[in-house]
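Here is the structure we will look at.
The values are calculated or read from the model by the stated rules, or taken from the named source; none is laboratory data. No experiment lies behind these values; they were computed from the predicted model shown. Every residue, glycine as well, gets a Cβ built from its backbone with ideal geometry; the counts of neighbours run over all protein chains shown.
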Amino acid sequence: MIDKPVSSRTHMIHDGRTHNGIPSPTAPGGREFIQRLELEVNEHRAVHHPYLEALSKGRLPDPAGALRDYAHQYFAYSTNFQRYLTATISQLDTPEHRRVLLANLLEEAHGVSPDEAELMRKHGIELEWVENVPHPVLYQRYLKALGMDEAWLRAHPFCDEAVQWSQLFLLCCGSLGAAVAVGAMGIGTELVVRQLYTPVLEAIQTYLDVSSRDRVFFDLHQKIDDEHGEVLLRIAEELAEDPAQRSLLRTGALMALNLRAAFYDSMLWRARAMPQAHRPRTETLPGGKVPGGSAGFVDPTCNPDSLEPRPEQLEPGELIHRQVGHGSAAEAFSRSRGHPVHEVALPSRTMSFSIGKLAPGQETSNHRHAYESLIYILQGSGWSVIEGRRVEWNRGDALYVPPWNWHQHFAGNENTVYLTGTNLPLLNQLGQSVVRQEQPQGNH
């Protein structure tokens, strides 16, 4: 197995030629090139997408609803997997390459090979669950467990992003040549399937009442399918012996990952737009007593007409967002502000928090919004201009930004990190239209 990546920035991908097309005397071989490409792929945003983390940690208004939506929309892509493999085979020129991929296609059509039986047993996958069952049928079994039979699917069309992902990925596999197809199907898909399915499987186990048999599609791919990736990896290494094919292999891999990332972007937006799910109330013990926690202070039997609220019951994973600032920044928010911003993903309906980061000498965009903000400086020093008034600050200081005040923050000579709290969710809950406005750079 190839070592895990350290950082994609320290492993630049080269096609083995100089600017004038002459082979470089220090150009990497095919295997070395693919190893470097795999490092880059493993650092791609699709592999570490915030949607996958939000699913696995339950940091969504309705984790179960988000998983059901994912199951439905992902079927638009997964149901065509045999077509992707067939299209890839059609692009290959070498008979041996076609032969090994055809064996892979037959497995997808007729279940797993006998050679994998022992490995499956070690992972707790019963052979009777998957033997001679095509992978698309395994996925349909999962859908049916969620109440999505053929009639339901006909009545609920896929979203545009899911359909476009499937169509464009098929184009990558069947119309742009062997190297692009192998890069897309192998390096950009099969080699990262375990990492992609691990958070999904964790979420299914936590938030859905689905048996191991019904969800075995994900267990199979998360635990077994690295073997298929190795087959495509060997084909990629052989193709990469020709320096002219290397940029095409990389193009295919990145096209596959960028398409998947766009799908995840859409799914994250859909999941965040769902209404907050109502959690089941705490069960009562014999005698009408309520077990544990603050729920024990509420006894509606004393006054059935009382409007005294009962505490909302949340899963432990929904009560904490670990290591805020160490994951991916919120892309759209960061782009509008001109610097990295990490949103705190917790189910508060009245408050929001985010962590902003500024490099030495960096500044935010000049902007204003209809909600108020409190800013606490965690690290660094600098100043802010709030409605034309300069306010200098250091670590440990707190700022207040009134509603609809133009404001901009400037870092001094060191890295700056600050925490921002707003009442944006509260205004949304009250039905107010919350307006934000960004001022173009240069018009401060």
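Summary table
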item: Conditions (1) at pLDDT 90 or above; (2) surrounded by 14 or more Cβ atoms within 10 Å (Cβ to Cβ); (3) of a type in the set (Phe, Trp, Tyr); number of the one not met by Tyr400; result: (2)
item: Answer from Leu285, Leu268, Leu248, Leu307 - the residue that is over 22 Å from Gly58 (Cα atoms) and modelled with pLDDT of 90 or more; result: Leu248
item: Single residue of segment 32-55 satisfying the filter (of a type in the set (D, E, K, R) and under 11 Å from the mean Cα position of the chain (by Cα)) that is nearest to Leu259 (Cα to Cα); result: Arg45
item: Odd one out for Gly183, checked against (1) at pLDDT below 90; (2) under 23 Å from the mean Cα position of the chain (by Cα); result: (1)
item: Tyr70 being crowded, with 17+ Cβ neighbours inside 10 Å and closer than 15 Å to Val192 by Cβ; result: no
item: Boolean, Gly183 is on the phi > 0 side of the Ramachandran plot and in the same structural domain as Ser78 (by TED's automatic domain parsing); result: no
item: Verdict on Leu191 being assigned to a helix (DSSP H, G or I) and touching a Lys or Arg at 6+ places or on another chain (Cβ under 7 Å); result: no
item: Candidates Ala178, Ala145, Ala203, filtered to the one that is within 23 Å of Ala240 (Cβ to Cβ), modelled with pLDDT of 85 or more and small (Gly, Ala, Ser); result: Ala178
item: Some residue of segment 214-223 being assigned by TED's automatic domain parsing to the domain that holds Asn42, crowded, with 21+ Cβ neighbours inside 10 Å and under 22 Å from Glu43 (Cβ atoms); result: yes
item: Segment 340-362, residues that are surrounded by fewer than 19 Cβ atoms within 10 Å (Cβ to Cβ) and more than 20 Å from His321 (Cα to Cα); result: Ala359, Pro360, Gly361, Gln362
item: Enumeration of residues in segment 349-363 that are of a type outside the set (Ser, Thr, Tyr) and either out of contact with any Ser or Thr (no Cβ under 9 Å at 6 or more places or on another chain) or assigned to a strand (DSSP E or B) (or both); result: Arg349, Phe353, Ile355, Gly356, Lys357, Leu358, Gly361, Glu363
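Residue-wise test of (1) closer than 30 Å to Ala155 by Cβ; (2) at pLDDT 80 or above; (3) part of a helix (DSSP H, G or I).
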site: Tyr70; (1), (2), (3): yes, yes, yes
site: Thr86; (1), (2), (3): yes, yes, yes
site: Asn104; (1), (2), (3): no, no, yes
site: Glu108; (1), (2), (3): yes, no, yes
site: Glu116; (1), (2), (3): no, no, yes
site: Arg121; (1), (2), (3): no, no, yes
site: Ile125; (1), (2), (3): no, no, no
site: Leu138; (1), (2), (3): yes, yes, yes
